[in-house]
């Protein structure tokens, strides 16, 4: 391993520790440290009955950490960072992390990812090409895009806009009119009359 990579790993580890310390002493990630100050109904025994050689080793029932933040085991989470961690052991809807931050499965918020794929209750993303949010035909609206092939979206069930193989074809509909356009032509039609007009673009 080169000196560059050794320095990079060391800086990454220091940055992670700094982030945890800076995020506050009440976060679950701090339970395996002597700095945790949040609610901990499961903690048992006085502070004197603990092993405090942090960050090499720390123990106060029911939390234990070894080489923190690499190994940490508490009543509500288990972590072997960055390979695997699970949070919410005290509830049915848990959060799982594998090779964090590459993969995460959150059963509580229904937000999941295996980079570059992200998905949830109302969205699906293949970063950076495919993006889908909401429901295109639902009352709340939504959008769907596969760049550069298409982008479509609507805000209501009656309004629609989008383009196909941009910038060749674009189009949209509202309650009253339908419009379609290409780089050489633009057409506007009326739903009420059923008639349409087309305008050809020209240079000069």
If we keep only residues of region 58-87 that are closer than 14 Å to residue 104 by Cα and out of contact with any helix residue (DSSP H, G or I) (no Cβ under 7 Å at 6 or more places or on another chain), then the residue surrounded by the most Cβ atoms within 10 Å (Cβ to Cβ) is 79
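So, in region 49-78, exactly how many residues are free of Cβ contacts under 8 Å to residues at least 40 places away in the same chain and in a strand (DSSP E or B)?
If we filter region 49-78 for residues that are free of Cβ contacts under 8 Å to residues at least 40 places away in the same chain, which is where we start, we get 49-68, 70-71, 75, 78.
Right, trim to in a strand (DSSP E or B) and you get 51-53, 57-60, 63-66, 71, 78.
Of the residues in that region, 13 qualify.
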Within region 125-144, of all residues that are within 18 Å of residue 111 (Cα to Cα) and outside any strand (DSSP E or B), the one modelled with the highest pLDDT is 127
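The values are calculated or read from the model by the stated rules, or taken from the named source; none is laboratory data. Remember, it's a predicted structure, so these values are computed and weren't measured experimentally. Please note: Cβ atoms are built from the backbone with ideal geometry, for glycine as well, and neighbour counts cover all protein chains shown.
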